[in-house]
Amino acid sequence: MNEDRTVPGEGPEEHRNETAGAAAGDSGETAPETGPAGAGWTARNGGGAAPEAGRPSPPTGRERLVRGLWPPRMNRNQLTVALLLFVLGLGLAIQVRSTSESDPLRGARQEDLVRILDELDSRTERLDDEKRRLEDLKSELENSSDQAEEARRQTRERARQLGVLAGTVAAEGPGIRMVVDDTAGTVEAHMLLDAIQELRAAGAEAIEVNGVRVVTNTYFTDSDGGVRVDGRKVAPPYRFEVIGKPQDLEPALNIPGGVVQSMEKEQATVTITRSEKIVVDALRSAERPDYAQSPSQ
C-alpha cells in the first residue's frame with residue numbers, strides 16, 4: 001500500500017511551487033513567483049513578455065524593397081527583348097554621333113550657310129533656264145516656215161556648244177581664275193579633281209589647267225614634284241582658267257569643308273579672281289569613236 005506522506009498544512013498547490021523552485025535551482029534560474037495577483041517573473045523584471053531565443057527580427061522596409069528588386073526575376077523571353085532593345089539603342093546612339101561628327105556644315109557660320117543656299121538657288125535657276133531654252137527651241141522648230149533651215153541652224157549652234165564642252169573649240173567669256181600655290185608639295189591629284197568636279201557642278205562650261213584642256217574623260221594622277229593631267233606633267237602653282245558665272249563658281253569653291261579649305265589645311269595658298277573675260281584656248285584633238293555611230297549614218 002502506498003502511504004500518503006503529505007505533510008499536514010501543505011496542499012497540492014504548495015507542493016507544485018516547491019517542485020518548480022527546485023527545478024529552477026538546478027538550472028541556475030529563479031523560478032517565477034506566483035502570487036494572488038498573478039505577478040511572477042513579470043513583476044520582478046519590469047514587465048513585458050520573455051523573448052523567444054533564436055527568432056529573427058522582422059525585415060525593414062528597405063530590406064523588403066531590395067529583396068523585391070534583386071535578384072531580378074526574368075524569364076528567357078524578357079531577357080531576349082531587353083538585349084534587343086539595348087543593341088538597338090546602342091546602334092542609334094552610334095549612328096547619331098557619327099552623323100554629327102561627319103557633317104561638314106555642323107560648325108558652319110550663318111553667312112556660310114546663306115552662301116550655300118544662294119548657290120543651290122543659282123543651280124536651280126540654271127536648270128530652269130536650260131529647260132526654257134529647250135522649250136523655245138522646240139517651239140521654233142514647230143512654228144518655223146522653213147523647218148529644215150531652222151533645224152540646220154540649231155544643229156550648227158549645238159555643234160559649237162558641244163565643241164566647247166569637248167575641248168575642240170576655243171572659248172572665252174566671264175569666269176574666274178584660280179591659282180593654287182603649293183610650295184610644300186602637299187596638294188595631291190584627288191584634290192585637283194575635287195576642284196574640277198565642284199566647278200562643273202557650279203556650271204563651269206570650259207576649264208583649263210596649266211595649259212591642258214579639261215574635258216569629260218580627263219584624269220589626274222600623282223607624280224614626283226607635281227601632278228599629271230591626262231598624262232602630261234604639270235607643276236605648281238596650278239592655274240585654273242574657268243569660264244562660267246563668277247557668282248556661282250567662287251562660292252562653290254569656298255563652302256565650309258570644300259576645296260579651298262581642304263587645300264589650305266595642306267599648307268597651300270589658294271587665290272581666286274573674278275574676271276569678265278577668261279580665255280580658254282587649249283584644244284583637244286577630235287577623236288573618232290571606234291564603235292559608236294550616229295543612227296543616221
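Here is the figure for the range 274-297: residues that are hydroxyl-bearing (Ser, Thr, Tyr), open to solvent by less than 70 Å² (accessible area, probe 1.4 Å) and under 21 Å from residue 214 (Cα atoms) total 1. Within the range 197-215, the residues that satisfy the criterion of being of a type in the set (A, V, I, L, M, F, W, C) and closer than 18 Å to residue 173 by Cβ are 199, 202, 204, 206, 207, 209, 214, 215. Which of (1) open to solvent by 30 Å² or more (accessible area, probe 1.4 Å); (2) more than 29 Å from the chain's Cα centre (by Cα) does residue 266 not meet, given it meets every other one? Just one mismatch for residue 266, condition (2). Within the range 206-223, residues that are of a type outside the set (D, E, K, R) sit with their Cβ atoms under 9 Å from residues that are assigned to a loop (DSSP other than H, G, I, E, B) and loosely packed, with under 12 Cβ neighbours inside 10 Å, at 6+ positions apart or across chains, in these pairs: 219/231; 221/231. Pairs meeting the criteria (first residue in the range 192-203 and under 22 Å from residue 223 (Cβ atoms), second residue of a type in the set (Phe, Trp, Tyr) and outside any loop (DSSP other than H, G, I, E, B), beta carbons under 6 Å, at least 6 apart or on different chains) are 192/220; 193/220. Across the range 215-250, the number of residues qualifying as of a type outside the set (A, V, I, L, M) and closer than 18 Å to residue 278 by Cα comes to 10.
From the residues in the range 186-219 that are assigned to a loop (DSSP other than H, G, I, E, B), farther than 19 Å from residue 261 by Cβ and not aliphatic (A, V, I, L, M), which one is farthest from the chain's Cα centre (by Cα)? Restricting to residues being assigned to a loop (DSSP other than H, G, I, E, B), farther than 19 Å from residue 261 by Cβ and not aliphatic (A, V, I, L, M), the top hit is 211. The set of residues in the range 175-184 being open to solvent by less than 60 Å² (accessible area, probe 1.4 Å) and either assigned to a strand (DSSP E or B) or more than 19 Å from residue 272 (Cβ to Cβ) (or both) consists of 175, 176, 178, 179, 180, 184.
Being surrounded by 16 or more Cβ atoms within 10 Å (Cβ to Cβ) and acidic (Asp, Glu) is true of residue 208. In this entry, residue 256 passes the filter for residues that are in contact with a helix residue (DSSP H, G or I) (Cβ under 7 Å, 6 or more places away or on another chain), more than 23 Å from residue 216 (Cα to Cα) and of a type outside the set (Phe, Trp, Tyr).
Can you find a residue in the range 97-120 that is at pLDDT below 80, out of contact with any Lys or Arg (no Cβ under 6 Å at 6 or more places or on another chain), basic (Lys, Arg) and open to solvent by less than 90 Å² (accessible area, probe 1.4 Å)? Checking the range 97-120: at least one residue is at pLDDT below 80, out of contact with any Lys or Arg (no Cβ under 6 Å at 6 or more places or on another chain), basic (Lys, Arg) and open to solvent by less than 90 Å² (accessible area, probe 1.4 Å). Quick one: which residue in 148, 171 is of a type in the set (Gly, Ala, Ser), over 23 Å from residue 262 (Cα atoms) and crowded, with 16+ Cβ neighbours inside 10 Å? Unique residue meeting the criteria: 171.
The values are calculated or read from the model by the stated rules, or taken from the named source; none is laboratory data. The model shown is predicted, which means the values in this text are computed figures rather than measured ones. Positions of Cβ are backbone-derived with ideal geometry, glycine not excepted, and every protein chain shown enters the neighbour counts. The accessibility values were calculated without ligands, DNA or RNA, using every heavy atom of the protein model including side chains. Shrake-Rupley method; radii C 1.70, N 1.55, O 1.52, S 1.80 Å.
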